[in-house]
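Colleague: One structure, as structure tokens, below. Some questions next.
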Amino acid sequence: MIYTDDIRKKLDTILKAFEGYIDGQDYFDIVHSKKVGYLYVVVGTPEEAGLELLDTPEKMLDVLFNEIINDVINSPENRTHVPDARTLTKWEEAESRRQLTAILEQIEDDGAAYLKFLDRYLKDYQERYAEADKSC
């Protein structure tokens, strides 16, 4: 995949900021292939394995935000989770925001824009799953 210089730089910067988090995970990775581009690779059993092309900063952030949110929801410290609820509790949202903000603040050039993206992402996440919770 051919990226513009600007997109490639942004993707590299995001990947660098999240590097410690990604390296600490055993169920996914994000890799770069000269032939394909940036790939989100889910590892595990053959049934769980999968690939997703990350061709924009927003797609990469979406994947990484979702992974951290899932970690927060499933954290042993989380005493607030409501079984079968898809929306985040106040603690889950605050803890997700805290962890993600700490990473995004490392990004110099686009960090402020990515923090705004995080605000929109969490709002959309809550709205999307509030609708899903109502339909269940």
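Colleague: Among the residues of region 95-103, are any modelled with pLDDT of 95 or more and closer than 22 Å to ARG8 by Cβ? Full working, then the answer.
Modeller: In the first step, residues of region 95-103 are kept if they are modelled with pLDDT of 95 or more; the result is 95-103.
Pick out the ones that are also closer than 22 Å to ARG8 by Cβ and you get 103.
Within region 95-103 (the criterion being modelled with pLDDT of 95 or more and closer than 22 Å to ARG8 by Cβ), the answer is yes, since at least one residue qualifies.
Colleague: Does region 56-68 contain at least one residue that is buried (at least 16 other Cβ atoms within 10 Å of the Cβ) and at pLDDT below 95?
Modeller: No.
Colleague: Separate question: Cβ contacts < 6 Å: first residue under 14 Å from PHE28 (Cβ atoms), restricted to region 48-62; second residue aromatic (Phe, Trp, Tyr) and in a strand (DSSP E or B), any location; separation 6+ or different chain. Result?
Modeller: GLU52/TYR40; LEU54/TYR38; LEU54/TYR40
Colleague: Taking into account only those residues within region 1-32 that are assigned to a strand (DSSP E or B) and without any contact (Cβ under 8 Å) to a residue 24 or more places away in the chain, which is farthest from ALA102 (Cα to Cα)?
Modeller: Quick first cut of region 1-32, residues assigned to a strand (DSSP E or B) only: 28-32.
Keeping just the survivors that are without any contact (Cβ under 8 Å) to a residue 24 or more places away in the chain gives 29, 31-32.
Details: ASP29: 20, VAL31: 23, HIS32: 24 Å.
This residue is HIS32.
Colleague: Go through region 72-117 and give me each residue that's acidic (Asp, Glu), surrounded by 11 or more Cβ atoms within 10 Å (Cβ to Cβ), assigned to a loop (DSSP other than H, G, I, E, B) and in contact (Cβ under 8 Å) with a residue 24 or more places away in the chain.
Modeller: Passing the criteria: only ASP110.
Colleague: Hey, could you check region 1-37 for residues that are loosely packed, with under 10 Cβ neighbours inside 10 Å and within 16 Å of THR56 (Cβ to Cβ) and say which is modelled with the lowest pLDDT?
Modeller: Taking the candidates together, the pick is ILE2.
Colleague: Looking at (1) under 22 Å from ASP29 (Cα atoms); (2) in a helix (DSSP H, G or I); (3) touching a helix residue (DSSP H, G or I) at 6+ places or on another chain (Cβ under 7 Å), can you tell me which one ASN66 breaks?
Modeller: Among (1) under 22 Å from ASP29 (Cα atoms); (2) in a helix (DSSP H, G or I); (3) touching a helix residue (DSSP H, G or I) at 6+ places or on another chain (Cβ under 7 Å), the lone unmet condition for ASN66 is (3).
The values are calculated or read from the model by the stated rules, or taken from the named source; none is laboratory data. Being a predicted model, the structure only gives us computed values, none of them experimental. Here the Cβ is made from the backbone with ideal geometry for all residues, glycine too, and neighbour counts use every protein chain on show.
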